[in-house]
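Report on one structure; see the data block that follows.
The values are calculated or read from the model by the stated rules, or taken from the named source; none is laboratory data. Since the model is a prediction, treat every value here as computed from it, not as a measurement. Cβ atoms come from the backbone with ideal geometry, glycine included; neighbour counts cover every protein chain shown. In case anyone asks, the SASA skips ligands and DNA or RNA and just uses the protein heavy atoms, side chains included. Shrake-Rupley method; radii C 1.70, N 1.55, O 1.52, S 1.80 Å.
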Amino acid sequence: MSSQRTCPRCHNAALDTEAYAELLGWYLGDGHLARGRGEIWVLVITNDARYVNLNQRLLDLMQRVKPHGHPNSRRRLGCVATQIGWVHWPCLFPQHGPGRKHERPIVLDPWQEQIVRKHPGALLRGLFHSDGARVNNWATRVVAGAPKRFDYPRWQFSNRSDDIHAICQGALDLLGIAWRRSSPKHTSVSTRAGVARLDATIGLKS
């Protein structure tokens with residue numbers, strides 16, 4: 001059976017589950033499926049052109065999830081669209097559907113949940129590197145009778161879908177990383193221990 005027709009879901013073909021978990025995070029953040037020629041679907045993930053290493057990593061992840069495939073990148077205004085065609089992308093991303101993700105339910109299938117439980121860090125890497133940022137916050141405290149400014153880092157995941165936030169928060173729980181829903185659009189990791197753990201797990205964007 002050709003690699004074009006061999007699917008981990010339809011034919012029980014091998015799947016690099018760690019690469020898939022990370023690619024799933026990217027898909028939930030900045031990815032979508034588009035119709036290609038005939039029966040082909042095209043997975044497209046758009047990312048800021050500044051992050052050269054991440055855009056190369058996307059090519060590698062797609063290659064690992066679809067061996068013998070030929071992913072490619074196209075430069076657009078300020079961003080890079082990385083894509084690869086396959087008949088079976090809807091099998092691997094059953095969250096695909098009409099409309100924007102935040103306007104419809106986004107729920108993982110049981111087999112996806114099993115992969116996320118095995119590789120929560122990989123999922124978080126995809127989520128935070130697509131729709132997240134590591135920012136510097138500050139607060140003031142009174143020390144010896146005078147106000148003093150303290151700067152501290154924080155990770156923020158930004159998305160308009162409550163369901164995708166719940167998926168992100170569940171993965172953080174699996175790693176014991178404290179989080180809070182800091183606004184309707186943001187899940188934040190602000191504790192020193194949590195930021196350090198997330199830094200070590202997903203790395204910085206580059």
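Given R0 = 45 Å, the distance between the Cβ atoms of Asp109 and Val143 translates into a calculated FRET efficiency of 0.30. Seen from a random direction on average, the alpha-carbon convex hull of region 163-206 projects onto 3.3 square nanometres.
Across region 56-139, the volume of the C-alpha convex hull divided among the residues equals 178 Å³ per residue.
Based on the Kirkwood approach, the hydrodynamic radius assigned to region 1-96 is 13.5 Å, with every pair of different Cα atoms included. To the nearest ten degrees, helix 192-202 and the longest principal axis of the Cα atoms of the chain are 20 degrees apart. Dividing the summed helix terms, -39500 (n - 2.57) for each DSSP H run of n ≥ 4, by the number of residues in the chain produces a 222 nm estimate of -11500 deg cm²/dmol to the nearest 500.
With Rh defined as the Kirkwood radius, the inverse of the mean 1/r over Cα pairs, the Rg/Rh of region 74-191 is 1.08.
Convex hull volume of the Cα atoms of region 85-128, normalised per residue: 105 Å³.
Accessible surface comparison of Lys205, Lys118, probe 1.4 Å, protein chains only, largest first: the order is Lys118, Lys205.
Annotation: peptides 84-92, 9-17, 181-189, ranked by per-residue average of other Cβ atoms within 10 Å with the highest first, follow the order 84-92, 181-189, 9-17. Expressed in Å, the radius of gyration and Dmax of the Cα atoms of the chain are 18.5, 75. Seen against the Cα atoms of the chain and their longest principal axis, helix 52-65 is set at about 40 degrees.
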